[in-house]
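Read through the structure below, which is laid out as structure tokens, and then see the notes.
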Amino acid sequence: MVQETHLRVSDLIAPLFVHPGTEPQIPVASLLGVVRWSVEGLVSECAALKALGVPAVALFPVTPPERKNPEGSEALNPDNLVCRAVRAVKQAVPDLVVITDVALDPYTEHGHDGVLDPKTGDVDNDATVALLSEMSVVQARAGSDWVAPSDMMDGRVAAIRGALDAAGLIRTVILAYSAKFASAFYGPFRDAVGSQSAAGRVYLDKRTYQLNPANAREALKDALMDEAEGADVLMVKPAGPYLDVIRDLRAATRLPIAAYQVSGEYAALHAAAERGWLDLEAARHEALLGIKRAGADLILTYSARAMAEALRAR
Ligand code: PBG
């Protein structure tokens, strides 16, 4: 009777990887229980998630190396893998909210979220924003319900909103990765989509555009800029190490807040549980409940399906 916070299936968003081949599932070694789906496999997983009550999925494509280049131009191809996946999922499961990622990292040879300035070698903010705006329109035309810029360029939310509206896509929602930190917890994701491989053994350094993990005030400033530019939902990422940022943002905005329990958070729990050092079900529930308690309305988690099944069995 006095429990203050409840985790519900309708809070969950499932991030899903899709690969271009026909193999129904290819495991991701560093994410126990997570696979890369073929488009066909993805459609049946989406139907299963919807049947469990999970309201939304976030799609991440694996681009074959021969389709990558320095400009990430495959991102603008209306027939690219993610667009084909969106069309297939929306056709089979129309009521499931489909979210697509807006950033160039799955498409660039160098694995960065934008195009590089030839003089400095750093990501060129404004040139990238122009490409991301086009990319959002391409994805929304394919049927994506929510576009989710995960790139952290300055000014991209306003540019994307403008481009969507100009194309008549006025109902497309913008889920902005607003407080996204330059985190060590993204490693397994970069293996899954293959964005790390270009950088070799050195962990890809995105500190010119992602936030310093030490800076909570700067995170709020960036998130409120996204709100002012027209974002519909604000995201904090990673989730577990940044509960204070979720809490602060909850007090600072009236928008819904999403939090992303990222690949490294998932991998850490699962690796410990595999060694018998943690009770997976209990630790998973507690980690997600903590994110909710901090103030998140929505949680992206690779545990969405397992959590939905556990909540249903209660
Ligand atoms: C990049 C992107 C990243 C994730 C989602 N989109 C990582 C990065 O900045 O390289 C990470 C998600 C995860 O670790 O689960 N656009």
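Derivation of every value follows stated rules applied to the coordinates shown; laboratory data play no part. Since this is a predicted model, take the numbers as computed values, not measurements. Here the Cβ is made from the backbone with ideal geometry for all residues, glycine too, and neighbour counts use every protein chain on show.
Being out of contact with any Gly (no Cβ under 9 Å at 6 or more places or on another chain), in a loop (DSSP other than H, G, I, E, B) and touching a residue at least 60 places away in the same chain (Cβ under 8 Å) holds for only one residue in ALA258, ALA231, and it is ALA231. In the range 107-131, the residues that are on the phi > 0 side of the Ramachandran plot reach residues that are small (Gly, Ala, Ser) and outside any loop (DSSP other than H, G, I, E, B) with C-beta atoms within less than 8 angstrom, at least six apart or across chains, in these pairs: GLY111/SER197; GLY111/ALA198; GLY111/ALA199. Among the residues of the range 263-314, those identified as part of a loop (DSSP other than H, G, I, E, B) and either surrounded by 16 or more Cβ atoms within 10 Å (Cβ to Cβ) or on the phi < 0 side of the Ramachandran plot (or both) are ARG275, TRP277, LEU278, ASP279, GLY295, ALA296, ASP297, TYR302, SER303, ARG314. Just wondering, is there one or more residues in the range 227-234 that are touching a Lys or Arg at 6+ places or on another chain (Cβ under 6 Å) and either acidic (Asp, Glu) or more than 10 Å from the ligand (Cβ to nearest atom) (or both)? Yes, the range 227-234 contains at least one residue that is touching a Lys or Arg at 6+ places or on another chain (Cβ under 6 Å) and either acidic (Asp, Glu) or more than 10 Å from the ligand (Cβ to nearest atom) (or both).
For the range 160-219, name all the residues that are at positive phi and exposed (fewer than 15 other Cβ atoms within 10 Å of the Cβ). Residues satisfying the conditions are GLY168, GLY200. Considering VAL82, VAL86, the condition of being β-branched (Val, Ile, Thr) and without any contact (Cβ under 8 Å) to a residue 60 or more places away in the chain is satisfied by VAL86 alone.
Put simply, of VAL129, VAL98, VAL147 the only residue that is away from the ligand (no atom under 11 Å from the Cβ), not aromatic (Phe, Trp, Tyr) and not in a strand (DSSP E or B) is VAL129.
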